[in-house]
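> Before anything else, here's the structure in question.
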Amino acid sequence: MAANIEPKIAAAAAELTAIRRDIHAHPELGFEEERTSRIVAEKLKEWGVEVTTGIGKTGVVGTIRVGNNPRAIGLRADMDALPMDEHNTFEHRSAHKGRMHACGHDGHTTMLLGAAKYLSATRNFDGTVHFIFQPAEEGRGGAEAMVKDGLFEKFPCEQIFGMHNRPKLDVGKFAIRPGPQMAGGGLFDIHITGKGAHGARPETGIDPVIIATQIISALQSVVSRSIAPLDSGVISVTQMHAGDAYNVIPNEAVLRGTIRAFRKETMALIKERIETISTGIARTLGGTAKPDVRIAFPPLVNDYDSVQFIADVAETIVGKENMNREGPYVMASEDFSYMLEKVRGAFINIGNGGGEGGCEVHNPGYDFNDEIITLGATLWSRVVETKLAKDAR
Ligand SMILES: [Zn+2]
Ligand SMILES: [Zn+2]
């Protein structure tokens, strides 16, 4: 990797790798990151960083203030693991059944720790940096919990940045895009009630299975007919439950599924269409439907200036050719979007390597690449030193 890694961070590579592997071996699920947040708090204190614990239950915020410039920025990493078994056999594999760092949050935590260590030792900036170690990113609402716990009132930030490792993006490369970058996501349940009957005498009942299938068909029109062709969205019905017997028309049926979109307005439109279509079709066929559509994550939208800023900084480290400013849209969701709804900022991807066909995140064979820890920590450090440059007052 031909990158301008900060020498003081490069010198800490072995120490940081050991921290990363220790966290990897002891994964904890959302809001249960007791051990991880304790390690984070202990390391920060050891390095002379002011520490606040218990923000959003297991969240930790480290703060370094230099000079009396009132400006402040936030850097965020997530700490939680996934509820799955790890299939790797290397020494730092998960020591716990049913828990695994398969999304690289162990690496995110370590890269941010590496930056905190360096910035606390060098203090070559003027202003305040908050290191935000967030719990429970994987669908358990950690970002929202920290925000509701007063994160940005207690630690005001004029701008915030987040980073995620990306498999198949080469080591030494970064990618980002201005505007919507990752989809918002939601879940839905539709409870359909008809009237049970003998399977041979359908005229005496109201068949909820027929209602369910008509609803599924009609939902296919939402993306194709209600969403503008240049916008995008997904509605996937992933569960369908009804009946127990060959010869009984059941009383009820249940549909469940997931929705995705890149714009808040589109998420709202999808929610409205699911509600209207399901209740309308059920009524037409003589039954009832109770839809419950829950938006779990807003879309992740990057601020244009923040994207150009962090991309400019990254270019000084990896060169123009390794900074993709028109990175891909990602249909997956990321709850840093909650923080970006409160404070402008950007979310950048750092290449984890692996090439085409490489292991994807959320796979039992995944592992964060230790080779990129110092690169990520260097980017975080340069973001602070550039944004809060001493001569920029
Ligand atoms: Zn994940
Ligand atoms: Zn993740």
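> Take the alpha carbon atoms of region 123-215, find their radius of gyration, then divide it by 2.2 N^0.38 Å using N residues; give the quotient.
Normalised Rg, Cα atoms only: 2.03.
> Over region 184-297, what number does the Rg to Rh ratio reach, with both radii from the alpha-carbon atoms and Rh per Kirkwood?
Looking at region 184-297, the ratio lands at 1.04.
> Give the lysines reachable from Lys97 as a straight Cα distance under 26 Å; neighbours fewer than 8 places away on the same chain don't count.
Lys57
> Report, in deg cm²/dmol and to the nearest 500, the calculated mean residue ellipticity at 222 nm for the chain, where each DSSP H run with n ≥ 4 adds -39500 (n - 2.57) and the sum is divided by the residue count.
Rounded to the nearest 500, the figure is -10500 deg cm²/dmol.
> As a test, work out the antiparallel percent of DSSP beta bridges whose residues both lie in the chain, rounded to the nearest 5.
70
> Also, I was wondering about something else. Under a cut-off of 19 Å between alpha-carbon atoms, report the lysines in cross-link reach of Lys264, not counting same-chain residues fewer than 8 places apart.
Straight-line reach from Lys264, under 19 Å: Lys342.
> List the lysines whose Cα lies under 17 Å from the Cα of Lys290, skipping any in the same chain that are fewer than 8 positions away.
Lys195, Lys271
> Let me ask something else about it. Note down, for region 278-393, the three equivalent ellipsoid semi-axes (square root of 5 times each alpha carbon gyration tensor eigenvalue), biggest first, whole angstrom. Please list the in-between numbers first.
Working: eigenvalues 309, 92, 29 Å².
Ellipsoid half-lengths, sorted descending, are 39, 21, 12 Å.
> Region 3-79 to region 117-179: how many Å between their Cα centroids?
After rounding, the separation between the Cα centres reads 11 Å.
> Which entries in the list Lys117/Lys154; Lys148/Lys173; Lys168/Lys320; Lys320/Lys387; Lys154/Lys387 go over 24 Å, if you measure between the two C-alpha atoms of each?
Lys148/Lys173
> Which order do the peptides 106-115, 137-146, 83-92 take when ranked by the mean count of other beta-carbon atoms within 10 Å per residue, highest first?
Highest to lowest by the protection proxy: 106-115, 137-146, 83-92.
> If you don't mind, another one. For the chain, state the semi-axes of the equivalent ellipsoid (square roots of 5 times the eigenvalues of the alpha-carbon gyration tensor), sorted largest first and rounded to whole angstrom. Before the final figure, lay out each step's value.
On the way: eigenvalues 403, 98, 73 Å².
Computed over the chain, the values are 45, 22, 19 Å.
> How high is the relative contact order of the chain, given as a whole-number percent (alpha carbon pairs under 8 Å, six or more residues apart)?
25
Taken together, the values in this text are just the output of simple stated rules run on the coordinates, not laboratory data. Owing to the predicted nature of the structure, the values given are computational and were not obtained by experimental measurement. Every residue, glycine as well, gets a Cβ built from its backbone with ideal geometry; the counts of neighbours run over all protein chains shown.
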